[in-house]
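Visitor: Here's a structure for you.
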Amino acid sequence: MAKYQLPLLKDFKKKEGDKTTALIILKNNRGMQVALTNYGARIVSLIVPDKDGNLVDVVLGFNTISDYLQADEPYHGATIGRYANRISRGAFALDGHEYHVAPNNGPNALHGGNQGFHTKIWDRRLNNPNQVTFYYTSPDGEEGFPGQLTVSVDYILTDNNELQISYRAKSDKDTIINLTNHAYFNLNGEGTGTIVDHVVELAADAFLPIDAVQIPLGEVRSVIGTPFDFREPKRISADIAKEDEQLKRGGYGYDHTFVLTKNNADKNPVVASAYAEKSGIKLQLLTTEPGIQFYTGNALTGKDIGKTGNHYSRQDAFCFETQHFPDAPNQPQFPSTLLKAEQAFQSQTIYRFNVLK
């Protein structure tokens, strides 16, 4: 693999009202480096060694805060909330009241609405060279959600080449919550083109089929005999172009929630993995969440120009969005996303990197 040109991050300081954006860089003793910004509590870059020892940035993003503010795709690397994924018609009922989030994805509310957590400048505390915590207080009624919600996202970079992401939250009223990170990965390096040659494995016996506007039908469908069977390692390209109604509804690719198998026979805590043969980089995923949205970047338009000057086009990246299920407040058969008043919410996801030579 040709040596990857690392991006040059700059100009991340910008004052917006009484808050200022900033860039925070975490490093470990094995050559791994993570850059984050408090704008959206997001991952800006994630640099890991490849099989030849060269450093590769495996997350899509931009070199300046202005690029993030003007981006065609607003979710690059961001913390997503209050409710990740879709809520049908932006409406849900709680404690006898109906609440409304403005639709921003056809008829549905996506990723917390127009001014979700990805648009906020979070407070921050740099705990040590390997750890930063971001904080945000979402006022009662923000984007239509009930309760004042205090939320924190803790990023820890370990010497085992793991990026640990821990979420905590508490509300003063009953509310709903579903948090995730929206990093776009390309394990050959951001801006290097398609990811359909990546090999993916998902510990999921079932997935959630969706309707024409990507709301779950309510069914938990077996992956057996479908293009959604990733129980054994498989190239994304193997089935992504097949004639399949669900692939069509996902934007002619994968954009579906997979129901994670928590008690698989070998008790392996890894619930998902992706591997790129060119770089030799393997990403493993661990999570406390019941589902993962596997998304193959079908809506990337090519309008955004990333850190190394290349356009981000359709299927140039994939996402592993660990989360509860889309539209769960309206589908009581799904795991609950209710957060009771003064109850502590906790969730964790780990990105683990290694190299196969």
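Visitor: Answer yes or no: is there a residue in segment 255-266 that is out of contact with any strand residue (DSSP E or B) (no Cβ under 6 Å at 6 or more places or on another chain), closer than 28 Å to VAL59 by Cα and surrounded by fewer than 17 Cβ atoms within 10 Å (Cβ to Cβ).
Guide: Checked segment 255-266: at least one residue is out of contact with any strand residue (DSSP E or B) (no Cβ under 6 Å at 6 or more places or on another chain), closer than 28 Å to VAL59 by Cα and surrounded by fewer than 17 Cβ atoms within 10 Å (Cβ to Cβ).
Visitor: LYS13: surrounded by fewer than 23 Cβ atoms within 10 Å (Cβ to Cβ), in contact with a helix residue (DSSP H, G or I) (Cβ under 8 Å, 6 or more places away or on another chain) and not in a strand (DSSP E or B), yes or no?
Guide: yes
Visitor: Sticking with this one: State yes or no: is TYR312 under 18 Å from the mean Cα position of the chain (by Cα), within 17 Å of ASP57 (Cα to Cα), assigned by TED's automatic domain parsing to the domain that holds GLY218 and at pLDDT 95 or above?
Guide: The answer is yes for TYR312.
Visitor: Do we find a residue being among the basic types (Lys, Arg), more than 20 Å from the chain's Cα centre (by Cα) and surrounded by 15 or more Cβ atoms within 10 Å (Cβ to Cβ) anywhere in segment 277-294?
Guide: There is at least one residue in segment 277-294 that is among the basic types (Lys, Arg), more than 20 Å from the chain's Cα centre (by Cα) and surrounded by 15 or more Cβ atoms within 10 Å (Cβ to Cβ).
Visitor: Could you say which residue among ALA169, ALA212 is touching a residue at least 12 places away in the same chain (Cβ under 8 Å), farther than 30 Å from GLY53 by Cα and surrounded by fewer than 22 Cβ atoms within 10 Å (Cβ to Cβ)?
Guide: ALA212
Visitor: Do any strands (runs of 3 or more DSSP E) entirely within segment 72-191 hold 3 or more residues that are of a type outside the set (A, V, I, L, M) and outside the structural domain of THR301 (by TED's automatic domain parsing), and if so, which?
Guide: 97-100, 123-128, 131-138, 149-157, 162-171
Visitor: For segment 197-242, enumerate the residues that are more than 28 Å from ASP327 (Cβ to Cβ) and within 19 Å of the chain's Cα centre (by Cα).
Guide: Selection gives HIS198, VAL199.
Visitor: Kindly indicate whether ALA109 is buried (at least 23 other Cβ atoms within 10 Å of the Cβ), in contact with a His (Cβ under 8 Å, 6 or more places away or on another chain) and of a type in the set (A, V, I, L, M).
Guide: Criteria not met by ALA109.
Visitor: Can you tell me which residue in segment 114-153 is surrounded by the fewest Cβ atoms within 10 Å (Cβ to Cβ), limited to those that are free of Cβ contacts under 8 Å to residues at least 24 places away in the same chain, in contact with a strand residue (DSSP E or B) (Cβ under 7 Å, 6 or more places away or on another chain) and under 30 Å from GLY90 (Cβ atoms)?
Guide: THR137
Visitor: Yes or no: segment 232-250 includes at least one residue that is part of a strand (DSSP E or B), farther than 23 Å from VAL59 by Cα and in contact with a Pro (Cβ under 9 Å, 6 or more places away or on another chain).
Guide: No, because not a single residue in segment 232-250 is part of a strand (DSSP E or B), farther than 23 Å from VAL59 by Cα and in contact with a Pro (Cβ under 9 Å, 6 or more places away or on another chain).
Visitor: So which residues in segment 199-209 are assigned to a loop (DSSP other than H, G, I, E, B) and buried (at least 24 other Cβ atoms within 10 Å of the Cβ)?
Guide: Correct list: LEU208 only.
Visitor: Let me ask something additional. What pairs come out if I take residues in segment 21-32 that are assigned by TED's automatic domain parsing to the domain that holds ARG125 and pair them with residues that are in a loop (DSSP other than H, G, I, E, B) and charged (D, E, K, R) whose C-beta lies under 7 Å away, six or more apart or interchain?
Guide: Cβ pairs passing all conditions: THR21/LYS13; THR21/LYS14; ALA22/LYS13; ASN28/ASP159; ASN29/ASP159; ARG30/ASP159.
The values are calculated or read from the model by the stated rules, or taken from the named source; none is laboratory data. Quick caveat: nothing in here was measured; it's all calculated off a predicted structure. Quick reminder, even Gly has a Cβ in these numbers, built from the backbone with ideal geometry, and neighbours come from all protein chains shown.
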